[in-house]
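Colleague: Pasting a structure below so you can have a look.
The values are calculated or read from the model by the stated rules, or taken from the named source; none is laboratory data. Just so it is clear, the structure is predicted and the values come from calculations on it, not from any experiment. Using ideal geometry, Cβ is built from the backbone for each residue, glycine included, and neighbour counts are taken over all protein chains shown. Protein only, heavy atoms only, side chains kept; ligands, DNA and RNA dropped before computing areas. Shrake-Rupley method; radii C 1.70, N 1.55, O 1.52, S 1.80 Å.
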Amino acid sequence: MKYIFIAFVLLSCNSIDHPFGGGPAVSAKPLDTIQISPVKILATPALFETAFIAGTLHINKQDTVTLFGVNIGKLKVPSGSIIACDPMHMDEYGIPFTQVFPTGEFPVQLAIAKTKDVESVAFARIMFSEEPVVKWEFALREGHKPMPIESDEGPGYSVDAGVGIFIDAAASKVLPKDHVTNMDTGIYLELDKNYRHKWKYAIYNFGNHNLATFSSGEGDGFYSSYIGFDAAGKPCQLLTDFKFVKWRQ
């Protein structure tokens, strides 16, 4: 009986359409759409950057996907140690990447993919600088070995709650656990305030810290993160791919 209840909770979480009117109202708050012109792409896959440029088109299986980017706020990074995971699984996947990132407050952006009347979060990223990316690498946790980013079996995290987060490791240590495990409070109430058709997002503040949270593509799955490095070898972007667009094809 316990497993039936868990399955019901997870299915409820991923029923984003709310066909019976029981879900959150669609937000009327204007989106902060990224206003940038096409730039010279120095690294592959180019889609990791062009996906955030309004009007980018991508053939996804048999459908043409239109992409655009939105700003959702700034993430506080006091320690330079960053975690990306499903908030429900912080005990398992809440392990920081081995890469040390810049400290400060940095923009978090989503690339939204639209097919017909449906929108999904294709990518989420943190922008540490405006320097061009010259190479991408898998974001690794302790024990992971480097591998080519073309590999479809790279490291990542499993999602069962339909959302992912970025959070500084110092912030994760003081984050009240029920704020991410209780779907009736915490980050989930904030997500509902910014509900769109098929996706939502929030910058959730607690004490002197915060985290960024967002829908994970079409829902549950296993998703990898990547670090973009500039010409000086410094990390300028951290990006999570929610496998909505098939860039390896």
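For every residue, the table says whether it meets (1) of a type outside the set (S, T, N, Q); (2) modelled with pLDDT of 95 or more; (3) open to solvent by 20 Å² or more (accessible area, probe 1.4 Å); (4) not in a strand (DSSP E or B).
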residue: Ile6; (1), (2), (3), (4): yes, no, yes, yes
residue: Pro19; (1), (2), (3), (4): yes, no, yes, yes
residue: Pro45; (1), (2), (3), (4): yes, yes, no, yes
residue: Leu57; (1), (2), (3), (4): yes, no, yes, no
residue: Phe68; (1), (2), (3), (4): yes, yes, yes, no
residue: Ser79; (1), (2), (3), (4): no, yes, yes, yes
residue: His89; (1), (2), (3), (4): yes, no, yes, yes
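Colleague: Same structure, new question: In region 32-43, how many are assigned to a loop (DSSP other than H, G, I, E, B) and either acidic (Asp, Glu) or open to solvent by less than 60 Å² (accessible area, probe 1.4 Å) (or both)? Talk me through it step by step, then tell me what you get.
Modeller: The first filter runs over region 32-43 and keeps only residues assigned to a loop (DSSP other than H, G, I, E, B), leaving 34-43.
Of the ones still in play, those that are also either acidic (Asp, Glu) or open to solvent by less than 60 Å² (accessible area, probe 1.4 Å) (or both) are 34, 41, 43.
Adding up the residues that qualify gives 3.
Colleague: Any residue at all in region 172-189 that's part of a loop (DSSP other than H, G, I, E, B), under 20 Å from Ile72 (Cβ atoms) and modelled with pLDDT of 95 or more?
Modeller: Yes, because at least one residue in region 172-189 is part of a loop (DSSP other than H, G, I, E, B), under 20 Å from Ile72 (Cβ atoms) and modelled with pLDDT of 95 or more.
Colleague: Take Asn205 and tell me if it is out of contact with any helix residue (DSSP H, G or I) (no Cβ under 6 Å at 6 or more places or on another chain), without any contact (Cβ under 8 Å) to a residue 12 or more places away in the chain and either part of a strand (DSSP E or B) or among the hydrophobic types (A, V, I, L, M, F, W, C) (or both).
Modeller: Numbers: out of contact with any helix residue (DSSP H, G or I) (no Cβ under 6 Å at 6 or more places or on another chain): yes; without any contact (Cβ under 8 Å) to a residue 12 or more places away in the chain: yes; either part of a strand (DSSP E or B) or among the hydrophobic types (A, V, I, L, M, F, W, C) (or both): yes.
It is true that Asn205 is out of contact with any helix residue (DSSP H, G or I) (no Cβ under 6 Å at 6 or more places or on another chain), without any contact (Cβ under 8 Å) to a residue 12 or more places away in the chain and either part of a strand (DSSP E or B) or among the hydrophobic types (A, V, I, L, M, F, W, C) (or both).
Colleague: Continuing with this model, one more query. Report every pair of residues separated by at least 6 positions or lying on different chains whose Cβ atoms are under 9 Å apart, first residue within region 121-142 and of a type in the set (Ser, Thr, Tyr), second buried (at least 18 other Cβ atoms within 10 Å of the Cβ).
Modeller: Taking only residues 6 or more apart or on different chains, the pairs are Ser129/Phe106; Ser129/Asp230; Ser129/Pro235; Ser129/Cys236; Ser129/Gln237.
Colleague: OK, next. If Phe106 passes every condition in (1) of a type in the set (A, V, I, L, M, F, W, C); (2) modelled with pLDDT of 95 or more; (3) assigned to a helix (DSSP H, G or I) but one, which one does it miss?
Modeller: (3)
Colleague: Can you confirm whether Ala84 is modelled with pLDDT of 95 or more and surrounded by 21 or more Cβ atoms within 10 Å (Cβ to Cβ)? Spell out how you get there, then give the answer.
Modeller: Values: modelled with pLDDT of 95 or more: yes; surrounded by 21 or more Cβ atoms within 10 Å (Cβ to Cβ): yes.
When the stated conditions are applied, Ala84 passes them.
Colleague: With the condition kept exactly as written, say whether any residue in region 32-48 is at positive phi and out of contact with any Pro (no Cβ under 6 Å at 6 or more places or on another chain).
Modeller: We begin by selecting, within region 32-48, every residue at positive phi; these are none.
Among the residues of region 32-48, not one is at positive phi and out of contact with any Pro (no Cβ under 6 Å at 6 or more places or on another chain), which makes the answer no.
Colleague: Just to verify a result, which residue in region 132-164, among those that are more than 19 Å from the chain's Cα centre (by Cα) and within 18 Å of Lys243 (Cβ to Cβ), is most open to solvent (accessible area, probe 1.4 Å)? Show your work before the answer.
Modeller: Narrowing region 132-164 to residues more than 19 Å from the chain's Cα centre (by Cα): 132, 134-135, 142-148, 150-151.
Pick out the ones that are also within 18 Å of Lys243 (Cβ to Cβ) and you get 147-148, 150-151.
On the way: Met147: 73, Pro148: 85, Glu150: 119, Ser151: 36 Å².
Checked region 132-164; the qualifying residue most open to solvent (accessible area, probe 1.4 Å) is Glu150.
Colleague: Is it true that some residue in region 190-200 is touching a helix residue (DSSP H, G or I) at 6+ places or on another chain (Cβ under 9 Å) and open to solvent by less than 20 Å² (accessible area, probe 1.4 Å)? Break it down into steps so the answer makes sense when it comes.
Modeller: To start, the set of residues in region 190-200 that are touching a helix residue (DSSP H, G or I) at 6+ places or on another chain (Cβ under 9 Å) comprises 200.
Filter again for open to solvent by less than 20 Å² (accessible area, probe 1.4 Å), leaving none.
No, there is no match, as no residue in region 190-200 is touching a helix residue (DSSP H, G or I) at 6+ places or on another chain (Cβ under 9 Å) and open to solvent by less than 20 Å² (accessible area, probe 1.4 Å).
Colleague: If you don't mind, there's one more thing I want to ask. Return yes when Ser215 is small (Gly, Ala, Ser), buried (at least 23 other Cβ atoms within 10 Å of the Cβ) and either more than 19 Å from Asp32 (Cα to Cα) or modelled with pLDDT under 95 (or both) and no when it is not.
Modeller: Details: small (Gly, Ala, Ser): yes; buried (at least 23 other Cβ atoms within 10 Å of the Cβ): yes; either more than 19 Å from Asp32 (Cα to Cα) or modelled with pLDDT under 95 (or both): no.
Judged against the criteria, Ser215 is not a match.
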